[in-house]
Amino acid sequence: TQLLEQSPQFLSIQEGENLTVYCNSSSVFSSLQWYRQEPGEGPVLLVTVVTGGEVKKLKRLTFQFGDARKDSSLHITAAQPGDTGLYLCADLSGNTGKLIFGQGTTLQVKP
Amino acid sequence: ETGVTQSPTHLIKTRGQQVTLRCSSQSGHNTVSWYQQALGQGPQFIFQYYREEENGRGNFPPRFSGLQFPNYSSELNVNALELDDSALYLCASSYGPGGQTQYFGPGTRLLVL
């Protein structure tokens, strides 16, 4: 059974700071996805990465996929209060659409 | 375009009771997946429905069952509720069982006392 481990579990920073959160898998990812979930809402897809070594940018968010396709990082530049939420990494099984999630990193950005 | 909707938003039940949760998929989506999210955890896959049939199941006992209707909406039924069933139940819709993008609803918060 694949296990996804995210670190840190909780992060509290001031507005304007940079941060990086990590996701490590016990086995090779089929298709790695990052989500953000705000309180009272379902997760919202941020990005999908498939190729080892791939880097994707979404405004102030940079997603990096490890060469061996077993780890990933999410870097946020100049964090804003609107970035507050639970960041989840997940592996998407191509055949069934089943998502396996990590436990998430809770980010709090204080104004 | 209507997003994924779920009802009810909150629910309180007692141990041993049965519950039915409902999900309407996003317009044009024919696949619905259900997830359980315990407090402080990531969502766990319960099962997926495609063309009104179960298409994959996670590590959940048979007292968790579901249905999908011709309009692609879906129900999650849980019998003999246990305290550990207290969680946020999320449904997600996609186009096809292997759809890259799943759109999640806001969830139903279930509390079992």
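Can you tell me which residue among B:Gly28, B:Gly16, B:Gly40 is at positive phi and modelled with pLDDT of 95 or more?
Of the residues listed, the single one that is at positive phi and modelled with pLDDT of 95 or more is B:Gly16.
Looking at (1) more than 7 Å from chain A (Cβ to nearest Cβ); (2) in contact (Cβ under 8 Å) with a residue 24 or more places away in the chain; (3) buried (at least 17 other Cβ atoms within 10 Å of the Cβ); (4) over 30 Å from A:Phe10 (Cβ atoms), find the lone condition where B:Phe47 falls short.
Checking B:Phe47 against (1) more than 7 Å from chain A (Cβ to nearest Cβ); (2) in contact (Cβ under 8 Å) with a residue 24 or more places away in the chain; (3) buried (at least 17 other Cβ atoms within 10 Å of the Cβ); (4) over 30 Å from A:Phe10 (Cβ atoms), the one that fails is (2).
Is at least one residue of segment A:46-59 in a strand (DSSP E or B), of a type outside the set (Gly, Ala, Ser), surrounded by 22 or more Cβ atoms within 10 Å (Cβ to Cβ) and in contact with a Ser or Thr (Cβ under 9 Å, 6 or more places away or on another chain)?
No; the residues of segment A:46-59 include none that is in a strand (DSSP E or B), of a type outside the set (Gly, Ala, Ser), surrounded by 22 or more Cβ atoms within 10 Å (Cβ to Cβ) and in contact with a Ser or Thr (Cβ under 9 Å, 6 or more places away or on another chain).
So B:Glu53 passes all but one of these: (1) more than 19 Å from B:Gly105 (Cβ to Cβ); (2) at pLDDT 95 or above; (3) in contact with a strand residue (DSSP E or B) (Cβ under 8 Å, 6 or more places away or on another chain). Which condition number does it fail?
Tallying (1) more than 19 Å from B:Gly105 (Cβ to Cβ); (2) at pLDDT 95 or above; (3) in contact with a strand residue (DSSP E or B) (Cβ under 8 Å, 6 or more places away or on another chain), B:Glu53 fails exactly one: (2).
Of the conditions (1) closer than 19 Å to B:Gln102 by Cβ; (2) in contact (Cβ under 8 Å) with a residue 12 or more places away in the chain, A:Asn95 clears all except one; give me its number.
Here A:Asn95 meets the rest and fails (2).
Across segment A:26-43, what is the number of residues that are facing chain B (nearest Cβ under 7 Å) and either part of a strand (DSSP E or B) or buried (at least 19 other Cβ atoms within 10 Å of the Cβ) (or both)?
2
For A:Gly53, indicate whether it is away from chain B (no Cβ under 11 Å), on the phi > 0 side of the Ramachandran plot and in contact with a strand residue (DSSP E or B) (Cβ under 6 Å, 6 or more places away or on another chain).
So A:Gly53 fails the test.
Out of all the residues in segment B:55-72, which are under 21 Å from A:Leu92 (Cα atoms) and more than 11 Å from chain A (Cβ to nearest Cβ)?
B:Phe60
Being in contact with a Phe, Trp or Tyr (Cβ under 8 Å, 6 or more places away or on another chain), more than 14 Å from every other protein chain (Cβ to nearest Cβ) and of a type in the set (D, E, K, R) narrows it down to one residue among A:Asp83, A:Asp91, A:Asp67, A:Asp71; which is it?
The match here is A:Asp71.
Of the residues in segment B:29-75, how many are of a type outside the set (Phe, Trp, Tyr), in a strand (DSSP E or B) and farther than 19 Å from A:Gln37 by Cβ?
13
So which residues in segment B:98-113 are within 8 Å of another protein chain (Cβ to nearest Cβ), at pLDDT 95 or above and in a loop (DSSP other than H, G, I, E, B), if there are any at all?
The answer is B:Gly105, B:Pro106, B:Gly107.
With respect to A:Glu17, determine if the residue is surrounded by 13 or more Cβ atoms within 10 Å (Cβ to Cβ), out of contact with any strand residue (DSSP E or B) (no Cβ under 7 Å at 6 or more places or on another chain) and within 17 Å of A:Thr105 (Cβ to Cβ). Before the answer, list the steps.
Working: surrounded by 13 or more Cβ atoms within 10 Å (Cβ to Cβ): yes; out of contact with any strand residue (DSSP E or B) (no Cβ under 7 Å at 6 or more places or on another chain): yes; within 17 Å of A:Thr105 (Cβ to Cβ): yes.
Against the criterion (surrounded by 13 or more Cβ atoms within 10 Å (Cβ to Cβ), out of contact with any strand residue (DSSP E or B) (no Cβ under 7 Å at 6 or more places or on another chain) and within 17 Å of A:Thr105 (Cβ to Cβ)), A:Glu17 qualifies.
For segment B:3-28, what are the residues that are part of a loop (DSSP other than H, G, I, E, B) and within 11 Å of another protein chain (Cβ to nearest Cβ)?
B:Gly3, B:Val4, B:Thr9
Can you spot a residue in segment B:82-97 that is assigned to a loop (DSSP other than H, G, I, E, B), facing chain A (nearest Cβ under 9 Å) and at pLDDT below 95?
There is at least one residue in segment B:82-97 that is assigned to a loop (DSSP other than H, G, I, E, B), facing chain A (nearest Cβ under 9 Å) and at pLDDT below 95.
The values are calculated or read from the model by the stated rules, or taken from the named source; none is laboratory data. Remember, it's a predicted structure, so these values are computed and weren't measured experimentally. Methodologically, a virtual Cβ is constructed for each residue, glycine included, from the backbone with ideal geometry; neighbour enumeration extends over all protein chains shown.
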